[in-house]
Structures are given as structure tokens and as C-alpha cells.
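Below you'll find the structure, written out as C-alpha cells, and then a few comments.
Just so you know, all these numbers are worked out from the coordinates, no wet-lab data involved. No experiment lies behind these values; they were computed from the predicted model shown. All Cβ positions, even for glycine, are placed from backbone atoms using ideal geometry, and neighbour counts span all protein chains on display.
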Amino acid sequence: MIFLFTDFGAADVYVGQVKAALALAAPGIPVIDLLNDVTPFEITPAAHLLAALSRHLPPQAVTLAVVDPGVGTERRSIVMRCQDHWFVGPDNGLLAVLAARCAKPEIWDIGWRPDALSRSFHGRDLFAPIAARIATGALSGGDLQPRVALEVQGDGEDLWQVIHVDHYGNLFTGIRQTSIEESAVLTVGGVGVHHAGIFAVAPHERPFWYVNRIGLVEIACNRASAAERLGTSIGGHVTRGAD
């Protein structure tokens, strides 16, 4: 299967073009939208969100990951394998958290080039065909060139910031479940936020935090928008108060 993780926008024309390229190069291979409304241009939050989502992908999944404000520049185009998952995208930090948390990542430069490569749409013209070749087992010599490490590296530490806001106004953070106890009080937008197990037991419209199904601390409100209540968005800082 091929999964899409992009900032192209689900309501715009770009995802359809990528899927058309994949249909031509890998007919019959399922293409699944992991998320196409990643916050545009915000590489670091996207890297943490991708790392969390990737934990729930099936074996041999190929993820085409594109948040690429430097497209058309000298930034490298790469393929990375972490255990039994493949990732195709730019070497701009988007795959850095995954690489840091992987015991032994394998990394390649993409040596293959199409006959026509637009400067502004590598997602369709370069990354999609390579993702298709991986998914169909059609890679050939010269397509990929081994690398020792990513050019843009990062660490695997948690990010104590808001990394995604869903359409409910819930705030995903880069804090993993293993980094916090239920007794912890978090401060967001100057407001202390306590833990609640489920939405229904939280006081109406009062912000609370819980661990969501991808293993991240999420700040939410019962039937209200936490983003609006707390006046925060992508990059908003989360701090730890007294237990």
C-alpha cells in the first residue's frame, strides 16, 4: 500500500494529480490518504506527526511524505527504510524524527529522474514514481544511491508544542504517552489543563488532555474547540505545571 502525507490540501488539485501518477505507475496498488491537510510549510510539527502516525501502518507500507517549501532548490530527494516501512520525500527534516527513533535507518538518494521534472511539483513527478517502483518491486540499478545519514538531522525527543489542529479544534501535541503521567497538569495559553480519560467525563467546554489513538497527548474540549478556548495553534507551547 502507498500512503500520502502531504500539505497539498485535500480540497485542492494536487492530491488528485499525485494519485493519477501513482495509478499510471502502480496500477492496482491501494493509495490511502494518511493526511493531506498537514499545516503548510511547517516541517518540524509535521515530522513529529508523521512519526506518530507511522507506528500504525501495515508492514511494507510505502509513505509518500511531502512538506517541501524548498522544492526546486538543492535540497536532496531521498528514500528511507525504517524496519519494514518505506518513506519517500525531501531531505529537509521531515523524516528526521523517524530516523532518530529508528534503530537502524537505511537511507538512499533518489538517482532516477523522469524525462520531464517540474521544479515545483516533485511530489507528482519524482516522489510518486519512486514510491510506485518500491510498492511494485520495480526498482532498478541506479534508481537509489546509498547514503550514510540524512543531511538534515534531528533528535527523537518529544516536542512540547501543538503540532496539529483537527477540524474539531483539538490540539495534537508532540508529547508521547511515555513522557507524562495522568497526574500531570499542563499549561497551554496560560490555562492549566488536567487529564480526563474520555470526552464525556470532562466538564462541558473545559479544556482537558488525554492520550489519543496515535499515542500523543491531545488537548481537547467536550463539545467545543480547544484551539478557540485556549487561543493557540500550530507551534503553541505546552509546559508542565505542578503534579
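Loop exposure criterion: GluC sites (Glu not before Pro), DSSP state outside H, G, I, E and B, at most 13 other Cβ atoms within 10 Å. Applied to the chain, the longest stretch between such sites is 75-156.
Just how far, in whole angstrom, is segment 105-139 from segment 143-162 if you go by their alpha carbon centroids? Centre-to-centre (Cα) distance: 19 Å.
Hey, rough spin-label estimate for ILE32 and MET1, points 7 angstrom out along Cα→Cβ, what's it come to in nanometres? Between ILE32 and MET1, the simple spin-label model gives 0.1 nm. Among beta bridges from DSSP that stay inside the chain, the antiparallel ones total about 70%.
The mean sequence distance of close C-alpha pairs (under 8 Å, at least 6 residues apart), as a share of the length of segment 159-240, puts its relative contact order at 39 percent.
Which trypsin sites (Lys or Arg not before Pro) does segment 189-243 hold that lie in a coil by DSSP with at most 10 other beta carbons within 10 Å? Don't skip to the end; give the middle numbers.
Details: sites: ARG213, ARG223, ARG229, ARG240; in loops: ARG213, ARG223.
Sparse-neighbourhood loop trypsin sites (Lys or Arg not before Pro): ARG213.
What separates the Cα centres of segment 171-243 and segment 46-91 is a distance of 27 Å. Once the Cα atoms are used to define both axes, helix 14-25 deviates from the longest principal axis of the chain by about 40 degrees. Which angle from 0 to 90°, rounded to the nearest 10, does the C-alpha axis of helix 43-54 make with the longest principal axis of the chain? Once rounded, one gets 90 degrees.
Could you check which residue among VAL15, VAL66, VAL38 shows the biggest mean-square fluctuation in a GNM of the chain with a 10 Å Cα cutoff? Answer for the Gaussian network model of the chain: VAL15.
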